[in-house]
Structures are given as structure tokens and as C-alpha cells.
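First comes the structure, then the notes that go with it.
Derivation of every value follows stated rules applied to the coordinates shown; laboratory data play no part. Predicted model only: the values in this text are computed from it and were never measured. Note that each Cβ is placed from the backbone with ideal geometry, even for glycine, and that neighbours are counted across all protein chains shown.
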Amino acid sequence: DRVEFTEFYHHIIDRFEMNKEEGITFERNLPKETIYVWMDKDKITQVMDNIISNAIKYSPEGGTIRFKTQKFYNKLQISVSDEGMGIPAEKVDKIFDRFYRVDKARTRKLGGTGLGLAIAREMIEAHHGQIWAESKENKGTTVHFTLPLVKKKRRGSA
Ligand code: ATP
Ligand code: MG
């Protein structure tokens with residue numbers, strides 16, 4: 001469906017902001033304008049929920065989580081950054097594999113099955129988007145994904 005992304009995104013962040021611990025700060029870097037993308041709202045909600053819960057789960061006390069969108073020619077790039085423990089460079093692409101969890105001992109107490117990002121990748125690929133992560137150990141992680149923008153109809157075109 002055609003969905004206005006900025007408002008949709010604010011609603012999702014609001015829901016997490018109401019329940020989050022006080023030690024974590026949210027910073028929204030979202031445009032004022034309306035942005036239309038093609039997406040299945042329920043599925044993208046599930047993707048966002050996992051990315052944001054991961055960011056919270058791996059954030060230290062006092063950490064900031066940043067939410068950003070960037071428009072490109074035919075796609076919207078959504079990015080969620082945290083200041084958490086990060087992921088070693090050689091493992092950062094594996095986090096999208098089923099059941100993969102970095103350092104089982106370290107993450108065991110944080111819970112989870114290791115399926116969240118594998119499902120996210122399937123859903124983003126079903127939307128013809130990409131999903132990837134950038135990370136620096138002990139500095140933080142950013143997860144990016146893209147969704148197709150709805151093209152504005154040109155005047156005079158059919
Ligand atoms: P689930 O989402 O199924 O509850 P999970 O969160 O462990 O479990 P994924 O969301 O698929 O699984 O993430 C896979 C692994 O990637 C995590 O176990 C963790 O090791 C690593 N990871 C994901 N996001 C982050 C992050 N923001 N910072 C550090 N490590 C992360
Ligand atoms: Mg997860």
C-alpha cells in the first residue's frame with residue numbers, strides 16, 4: 001500500500017519512547033515533509049520493532065538512539081543508530097542469518113532467538129529493498145534499510 005512514512009515512523013518511535021528506560025535518549029532526525037512509500041504496514045512495523053528493540057537491548061545506560069531518513073532518487077533510506085557494544089567487522093553481515101547471535105555468552109542474558117533480523121531481511125527483500133548494518137566495536141551500530149518511494153505523478157503524463 002501507499003503509506004505516508006514520516007507519520008508512520010513517528011508513531012512507532014512514540015510507542016517505544018513511552019516504554020523506554022530513562023537512561024536511553026531518543027533523537028529524531030526526520031523531515032517535516034510527507035513522504036510516500038510502498039509498503040505493507042504490518043510487516044514494516046515488525047521490521048522496525050526488531051531493529052529498535054535490538055538498539056535498545058544493546059544500548060548502554062546513557063546511550064542515544066538516533067532515527068533518520070534520507071531520500072534518494074527512487075528509494076527512502078531509514079537508519080537506526082545506537083551507541084552500544086557494536087559488532088566485530090567480520091560478523092556484521094552474519095547478523096541477518098537465521099539464529100545467528102554474536103557472542104552467545106554475552107547476549108544470552110539479553111534474550112532472543114536470533115531470528116529477528118533474518119525475518120527483517122526477508123520482509124525488506126519482499127519489498128525490493130536492501131538491509132545492512134555498519135558497526136564499530138564499543139562505539140555502536142547503525143542498521144539501514146530502504147523502501148521504494150512512490151513516484152510523484154508528472155503533470156501531463158498518463
Ligand atoms: P530476536 O530478535 O529473535 O529476539 P536477537 O535480537 O538476538 O533475537 P536478531 O535481532 O536477529 O536476534 O539479531 C541477531 C544478533 O545480532 C543479536 O543476537 C546480536 O548479537 C546482534 N545485534 C543485532 N542488533 C545489534 C545491535 N544494535 N548492537 C549490537 N549487536 C546487535
Ligand atoms: Mg532482535
Take every Cα-Cα pair in the chain and report what % of them are more than 19 Å apart.
54
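Magnitude of the Cβ-charge dipole of the stretch 1-60, K/R +1 and D/E -1, about the Cα centre, nearest 20 debye?
On the way: 8 positive and 12 negative charges, 24 e Å.
The dipole magnitude comes to about 120 debye.
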Using only Cα atoms, find the angle between the long axis of helix 41-57 and the longest principal axis of the chain, and express it within 0 to 90 degrees, rounded to the nearest 10.
30
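Around residue 26, under 13 Å between beta carbons, what's the net of Lys plus Arg minus Asp minus Glu among the other residues?
Numbers: positive: 15, 20, 28, 66, 68; negative: 14, 17, 21, 22, 27, 82, 83.
Its environment carries a net charge of -2.
Using the number of other C-beta atoms within 10 angstrom as an exposure proxy, rank 56, 124 with the fewest first.
On the way: 56 18, 124 23.
Lowest count first: 56, 124.
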Working from the alpha-carbon coordinates of the stretch 1-92, get Rg over Rh, Rh being the Kirkwood radius.
0.98
Using the Cα centre of the chain as origin and beta-carbon charges of +1 (Lys, Arg) and -1 (Asp, Glu), tell me which of 11, 156, 132 is placed farthest towards the positive end of the dipole.
156
On the formula 1/(1 + (r/R0)^6), with r taken between the Cβ atoms of residue 94 and residue 155 and R0 of 35 Å, the FRET efficiency rounded to 0.05 is 0.15
Extension length gain for residue 138 and residue 45 (0.36 nm per residue less Cα distance), in nm, is 30.7 nm
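How much net charge surrounds residue 124 when only other residues with a Cβ under 12 Å from its Cβ are counted (Lys, Arg +1; Asp, Glu -1)? Don't skip to the answer; put the middle values down first.
On the way: positive: 43, 75, 121; negative: 40, 122, 125.
Net of charged neighbours comes to 0.
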Charge context of residue 84, other residues only, Cβ under 9 angstrom, K/R +1, D/E -1
0
Identify the chymotrypsin sites (Phe, Trp or Tyr not before Pro) of the stretch 1-89 meeting these criteria: DSSP loop state and at most 10 other C-beta atoms within 10 Å of the C-beta.
72, 73
If R0 = 22 Å, then residue 7 and residue 38, at their Cβ-Cβ distance, give a FRET efficiency to the nearest 0.05 of 0.90
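Where does the chain land at 222 nm, in deg cm²/dmol rounded to the nearest 500, when only DSSP H runs of n ≥ 4 count, each adding -39500 (n - 2.57), divided by all residues? Numbers along the way, then the final one.
Values: 4 runs with 48 residues, N = 158.
Per the formula, -9500 deg cm²/dmol.
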Cα long-axis angle, helix 116-126 against the chain (0 to 90 degrees, to the nearest 10):
20
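Which is the longest run of the chain containing none of the GluC sites (Glu not before Pro) found in DSSP loop states (not H, G, I, E, B) with at most 15 other C-beta atoms within 10 Å?
Working: sites that count: 21, 22, 33, 61, 137.
Here the longest run is 62-136.
Take 127, 10 and order them by how many other Cβ atoms sit within 10 Å, fewest up front. It would help to have the intermediate numbers written out before the result.
Working: 127 20, 10 14.
Final ranking by Cβ density, sparse to dense: 10, 127.
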